Amino acid sequence: MSYIPHVPYVPTPEKVVRRMLEIANAGPEDIVYDLGCGDGRIIITAAKDFNVKKAVGIEINDERIKEALENIKRNGVENKAIVIKGNFFEIDLSEATIVTMFLLTNVNEMLKPKLEKELKPGTRVVSHEFEMRGWVPKEVIKVEDKGMTHQVYLYVIGEHK
């Protein structure tokens, strides 16, 4: 078993979810993978509002998976959004055209070699709040929400160094 990161569950605000998918230019040709999908809000928004081809959430916590599956059903996107139970370090991400995450800087650091190995050039990597040290972002935006400022980083594989 490889490393299982401990990342506290903090849901990404809806306004930030939308901006993450906008900055990645998500659309009908995309396959979105959300690492640590929590309640499924990113994959649901990607499927429902951005009409992506497929949205995959990877989650290890049974409680979050149950919540995500209920939310997927409630939003009627079962045909496009799925949740995989597992450790995202062990799941093949190669079909993704967009990868979203709200992890911690040290986890992002450990993920870099996997992302560089598995993702095709042109794949967009969007990180909420935490940068990928050593990578050059294509864009960094600030999102104001309920008195807080959130940072969103966009990286493009093949243009990130």
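The table below lists the values:
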{"item": "Total residues in region 132-156, condition touching a helix residue (DSSP H, G or I) at 6+ places or on another chain (Cβ under 7 Å), within 20 Å of Y33 (Cα to Cα) and surrounded by fewer than 19 Cβ atoms within 10 Å (Cβ to Cβ)", "result": "1"}
{"item": "Sole exception among (1) touching a helix residue (DSSP H, G or I) at 6+ places or on another chain (Cβ under 6 Å); (2) closer than 19 Å to Y153 by Cα; (3) in a loop (DSSP other than H, G, I, E, B) for N25, by number", "result": "(1)"}
{"item": "Conditions (1) out of contact with any helix residue (DSSP H, G or I) (no Cβ under 6 Å at 6 or more places or on another chain); (2) assigned to a helix (DSSP H, G or I); (3) surrounded by 23 or more Cβ atoms within 10 Å (Cβ to Cβ); number of the one not met by T45", "result": "(1)"}
{"item": "Those residues of region 105-128 which are of a type outside the set (V, I, T) and under 13 Å from the mean Cα position of the chain (by Cα), in sequence order", "result": "N108, L111, L115, R124, S127, H128"}
{"item": "Test: residue in region 102-112 that is without any contact (Cβ under 8 Å) to a residue 40 or more places away in the chain, under 24 Å from K15 (Cα atoms) and not β-branched (V, I, T)", "result": "yes"}
{"item": "The one condition in (1) basic (K, R); (2) free of Cβ contacts under 8 Å to residues at least 12 places away in the same chain; (3) under 25 Å from M110 (Cβ atoms) that R74 fails to fulfil", "result": "(3)"}
{"item": "When residues of region 22-37 are limited to those that are over 8 Å from the mean Cα position of the chain (by Cα) and crowded, with 23+ Cβ neighbours inside 10 Å, the one nearest to E139 (Cα to Cα)", "result": "A24"}
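Bear in mind that the values in this text are calculations on the coordinates, not laboratory data. What you are looking at is a predicted structure, and each value in this text was computed from that prediction instead of being measured. All Cβ positions, even for glycine, are placed from backbone atoms using ideal geometry, and neighbour counts span all protein chains on display.
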